[in-house]
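This report concerns only the one structure given below.
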Amino acid sequence: MAVTKADIVNSVSNRLEIGKQRSSEAVEALLEIMKKNLANGEDVLVSGFGKFCVKDKKQRKGRNPQTGDEMILAPRRVVTFRCSLSLKNKLNGK
């Protein structure tokens, strides 16, 4: 099961012992800051967690999987995530 934004808000509220309204505002503010920086092409580094990077994809040939017709896919930007070494070690039980 995935962790939802509501789950994060509840966890922040419980951990910091603040109201859900304030924790919701804090989570929303954090996400807005991250979205703004990523939209501007800046990477977002969260120490001990990982790095969100913006990558530019070039135009390329693709294929419509339903019809098999070839098409040209437009250049685009994507967000990738690379987890930190400490998170990777935690995931692997080290």
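Conditions tested, residue by residue: (1) at pLDDT below 95; (2) at positive phi; (3) surrounded by 10 or more Cβ atoms within 10 Å (Cβ to Cβ).
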position: V54; (1), (2), (3): no, no, yes
position: K58; (1), (2), (3): no, no, no
position: G62; (1), (2), (3): yes, no, yes
position: Q66; (1), (2), (3): yes, no, no
position: R77; (1), (2), (3): no, no, yes
position: F81; (1), (2), (3): no, no, yes
position: G93; (1), (2), (3): yes, yes, no
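In segment 33-52, the residue that is surrounded by the most Cβ atoms within 10 Å (Cβ to Cβ) out of those that are over 22 Å from S86 (Cβ atoms) and hydrophobic (A, V, I, L, M, F, W, C) is L38. Looking at segment 36-94, the strands (runs of 3 or more DSSP E) lying wholly inside it that each contain 1 or more residues that are among the aromatic types (F, W, Y) and in contact with a helix residue (DSSP H, G or I) (Cβ under 8 Å, 6 or more places away or on another chain) sit at 50-57. Being aliphatic (A, V, I, L, M), surrounded by 12 or more Cβ atoms within 10 Å (Cβ to Cβ), in a helix (DSSP H, G or I) and in contact (Cβ under 8 Å) with a residue 24 or more places away in the chain is a property that L30 lacks.
Considering E28, E17, E70, which residue is of a type in the set (D, E) and within 16 Å of the chain's Cα centre (by Cα)?
Details: E17 fails: within 16 Å of the chain's Cα centre (by Cα); E70 fails: within 16 Å of the chain's Cα centre (by Cα).
On inspection, the qualifying residue turns out to be E28.
In segment 1-27, of all residues being assigned to a helix (DSSP H, G or I) and charged (D, E, K, R), the one that is surrounded by the fewest Cβ atoms within 10 Å (Cβ to Cβ) corresponds to R15.
The values are calculated or read from the model by the stated rules, or taken from the named source; none is laboratory data. From a predicted model like this one, the values you see are computed outputs, not experimental measurements. FYI the Cβ positions are ideal-geometry reconstructions off the backbone, even for glycines, and counts take in every protein chain you see.
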